[in-house]
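Only one structure is covered here, and it is reproduced in the block below.
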Amino acid sequence: MAFTNIKTSQREFLIEYLRGTGRELTQPQAEALFGIQNLRARMSEVRDMGLRVRVRATQNGRIAYSVSARDVNGSRARVAA
């Protein structure tokens, strides 16, 4: 059950929440905190928008996602949805 009401799209929320902050998010965290059922698909959409998505395997075997402040071209400009 999600404890946060997301007023924007999940993709836009993830960009704002992760981009350039140094935060990481795993699937169980995304589902428990924000109600995001398919984090992998949302992060794929973020990647398709031209942002750098970092993927890291955690010690317990889960995948953690983070988003770089810079896009694939090196710009920090806001990405149009």
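The values are calculated or read from the model by the stated rules, or taken from the named source; none is laboratory data. No experiment lies behind these values; they were computed from the predicted model shown. All Cβ positions, glycine included, derive from the backbone under ideal geometry; neighbour counts span all protein chains shown.
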Residues being of a type in the set (Phe, Trp, Tyr) and either surrounded by fewer than 12 Cβ atoms within 10 Å (Cβ to Cβ) or at pLDDT 95 or above (or both) - total across region 32-81
1
Examine region 32-50 for a residue that is in a strand (DSSP E or B) and touching a Lys or Arg at 6+ places or on another chain (Cβ under 6 Å), and state whether such a residue exists.
no
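Which residue out of 23, 54, 42 is within 18 Å of residue 79 (Cα to Cα) and touching a strand residue (DSSP E or B) at 6+ places or on another chain (Cβ under 7 Å)?
Numbers: 23 fails: within 18 Å of residue 79 (Cα to Cα); 42 fails: touching a strand residue (DSSP E or B) at 6+ places or on another chain (Cβ under 7 Å).
The unique qualifying residue is 54.
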Would you say residue 2 is out of contact with any His (no Cβ under 7 Å at 6 or more places or on another chain) and modelled with pLDDT of 95 or more?
no
Failed item, numbered, when residue 12 is tested on (1) closer than 14 Å to residue 79 by Cα; (2) assigned to a strand (DSSP E or B); (3) not aromatic (Phe, Trp, Tyr):
(2)
Inspect region 22-31 for any residue being part of a strand (DSSP E or B), modelled with pLDDT under 95 and on the phi < 0 side of the Ramachandran plot and give the result as yes or no.
no
